[in-house]
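One structure below.
The values are calculated or read from the model by the stated rules, or taken from the named source; none is laboratory data. None of these values were measured; they are calculated from a predicted model. Heads up, the Cβs are rebuilt from the backbone with ideal geometry, glycines too, and the neighbour counts pull from every protein chain shown.
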Ligand code: PLP
């Protein structure tokens, strides 16, 4: 029986994590729907890869679909508007994009362009982010939230933006900040709009649980808050206090944590109004999660709610608390970052080579002098049957550890160890075959099956392009972008090209805690094999580092028209070797001079001939100018 694209969709889960943006076409290629729910336009990723290559850019490349960014902003605003209307909420919704989630100029440009219609603002947590935000935002009605630790210069920049008519809010994050803001406001004669960030006792589950709760590093305690109110009253500036902010973590998987946070914050809000502050804005911070693994569950790489449920629970919770005290409904602000940008970027890379799981042939007979352990492994191999599978698993693991131990102690030779490994590999294959006949496969057997995989070497750096996979075990959806009408034969893990054993993708969407392997196709001699890592628009581009001096990848940004035509709006060439060396403070001119001197020295010492000098130096020159990733000659 042939393989269908439906089987590929099921295998890779694209219909689950792809939301409205990704699917497989009849030709077995991944397509992107730039307009989300409106499926009238689709573009094949393979076609885009060919276009990227024709423009002279190599893999890896980060592909950004600008329309998806726009679609995410529209979707969030329209959902909030609908829910606000349905509930009779007497306030509006404003989104702000936290610049730290993706600081790229192109991203801010699209967010400000599309966000104009909705007064979608920006959140800045540092001076560079604030300057970038002010320079990109033309809409004076969009909020500009200043979070983070602020010095005099930061505050002066924000006050200058207020002078120019922008709606800037200074969020007091730590107690000491207020005095400096008051001092600078007086000096510049500008009335500041103030907000307070509070530490809620609510703590969200998940990888960012430390961002909330009383142990969080940012935010005011109850006592700090009272001090801030008293100081503002003393200065007759309580009128400036308009906004309450909290942030209990990113990627909040459980909707009940979101609800609990809003309810608690509303009690603070109500009390601030009672104290006489005008208020008007409730800023819930980030946290709207992305369903990276498509499981729609309360697990760290997913979320157990829809965007509509998120909006609904927020609006309903605010009304539940504030209506009891007749407190006016505030403007709701969320600082959603990942939910806005994650879907718009895809990391594309080619596979360079594979290391297949293929043991040498099993010898029919062991040498007479074979160690007892080898005899035992051979006996285990012969014994495998559905009835004894668990026992065979136990024995294999035990004998394998004994073999390793004896080798370390010098009691087994390299050949005996190699022999034992071959036997273990054949046992794994036979166990896997046998398990196919069973309805219920024991857990240990599944664990052993997980050891059978090929290694596919991908042309990318995990540390540069997918740092969260390494740092916090984030699961990202990965799959081939073509050949999806062919059966992928090989269970595999994907290694990057850094020489770091952590540089690998070995957990994929599926199952309760992800799957340990991903089925991939055999490589063909005459065709590149391309994979995509999806939903990488949030944090990945900016947290990456130069591990092994692999630099930024090429970035292309595509904008699609309603008639299906598209334009490459921005192309950013990835770092060259010369670039990354200079980031590390190397003086590249001095490197060139030293290479010349080295060549001269090599001539004088007889290592190379004079006529070879030029070719060698040209090679180095080409190396310095080249891409840091694998380039095919
Ligand atoms: N706001 C603040 C204060 C944050 O620290 C963060 C990130 O952790 C965000 C917003 C963005 O969160 P998310 O990307 O989950 O929406």
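A few comments on the model shown:
- Residue list for the stretch 249-263, filter: farther than 23 Å from residue 294 by Cα and surrounded by 19 or more Cβ atoms within 10 Å (Cβ to Cβ): 260, 261, 262
- The single condition from (1) in contact with a strand residue (DSSP E or B) (Cβ under 9 Å, 6 or more places away or on another chain); (2) over 22 Å from residue 145 (Cα atoms); (3) away from the ligand (no atom under 14 Å from the Cβ) that residue 304 fails is (1).
- Counting only residues that are away from the ligand (no atom under 16 Å from the Cβ) and part of a loop (DSSP other than H, G, I, E, B), the stretch 324-368 holds 18 of them.
- Apart from one condition, residue 513 fits all of (1) in a loop (DSSP other than H, G, I, E, B); (2) buried (at least 18 other Cβ atoms within 10 Å of the Cβ); the exception is (2).
- The set of residues in the stretch 526-548 being surrounded by fewer than 18 Cβ atoms within 10 Å (Cβ to Cβ) and in a helix (DSSP H, G or I) consists of 542, 543, 548.
- Subset tally (residues that are touching a strand residue (DSSP E or B) at 6+ places or on another chain (Cβ under 9 Å) and closer than 13 Å to residue 549 by Cα) for the stretch 560-606: 4
- Among the residues listed as 286, 249, 294, the single one being more than 16 Å from the ligand (Cβ to nearest atom) and in a loop (DSSP other than H, G, I, E, B): 294
- Within the stretch 252-283, the residues that satisfy the criterion of being within 14 Å of the ligand (Cβ to nearest atom) and out of contact with any helix residue (DSSP H, G or I) (no Cβ under 7 Å at 6 or more places or on another chain) are 253, 254, 257, 261, 265, 283.
- Members of the stretch 366-387 found to be in contact with a helix residue (DSSP H, G or I) (Cβ under 9 Å, 6 or more places away or on another chain), closer than 26 Å to residue 434 by Cα and surrounded by fewer than 17 Cβ atoms within 10 Å (Cβ to Cβ), listed by number: 366, 379, 383, 385, 386
- When 578, 585, 561 are checked against the criterion of being at pLDDT 95 or above, surrounded by fewer than 15 Cβ atoms within 10 Å (Cβ to Cβ) and farther than 24 Å from residue 33 by Cα, a single residue qualifies: 585.
- Of all the numbered requirements in (1) assigned to a helix (DSSP H, G or I); (2) under 21 Å from the mean Cα position of the chain (by Cα); (3) buried (at least 18 other Cβ atoms within 10 Å of the Cβ), residue 59 misses one, and that requirement is (1).
Here's the yes/no breakdown for (1) crowded, with 17+ Cβ neighbours inside 10 Å; (2) modelled with pLDDT of 95 or more; (3) under 30 Å from the mean Cα position of the chain (by Cα):
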position: 110; (1), (2), (3): yes, yes, yes
position: 122; (1), (2), (3): yes, yes, yes
position: 149; (1), (2), (3): no, no, yes
position: 153; (1), (2), (3): no, yes, no
position: 163; (1), (2), (3): no, yes, no
position: 167; (1), (2), (3): yes, yes, no
position: 175; (1), (2), (3): no, no, no
position: 182; (1), (2), (3): yes, yes, no
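- Every listed requirement among (1) closer than 30 Å to residue 497 by Cβ; (2) more than 16 Å from the ligand (Cβ to nearest atom); (3) surrounded by fewer than 20 Cβ atoms within 10 Å (Cβ to Cβ) is met by residue 157 save one, (1).
- Note on the stretch 233-246: residues that are crowded, with 22+ Cβ neighbours inside 10 Å, in contact with a helix residue (DSSP H, G or I) (Cβ under 9 Å, 6 or more places away or on another chain) and not in a loop (DSSP other than H, G, I, E, B) total 3.
Residue-by-condition table, conditions (1) touching a residue at least 12 places away in the same chain (Cβ under 8 Å); (2) part of a helix (DSSP H, G or I); (3) under 15 Å from residue 114 (Cβ atoms); (4) under 25 Å from the mean Cα position of the chain (by Cα):
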site	(1), (2), (3), (4)
63	yes, no, no, yes
71	yes, yes, yes, yes
74	yes, yes, yes, yes
79	yes, yes, no, yes
91	yes, no, no, no
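- Note on the stretch 93-104: among residues that are in a helix (DSSP H, G or I) and under 19 Å from residue 464 (Cβ atoms), the one that is nearest to the ligand (Cβ to nearest atom) is 101.
- Residues that are within 16 Å of the ligand (Cβ to nearest atom) and under 15 Å from residue 170 (Cβ atoms), drawn from the stretch 223-246: 243, 244, 245
- Residue pairs whose Cβ atoms lie under 8 Å apart, sitting 6 or more positions apart in sequence or on different chains, and linking a residue in the stretch 1-27 that is at positive phi to a partner that is surrounded by 18 or more Cβ atoms within 10 Å (Cβ to Cβ), are 13/293; 13/294; 13/477; 13/509; 13/510; 19/291; 19/343.
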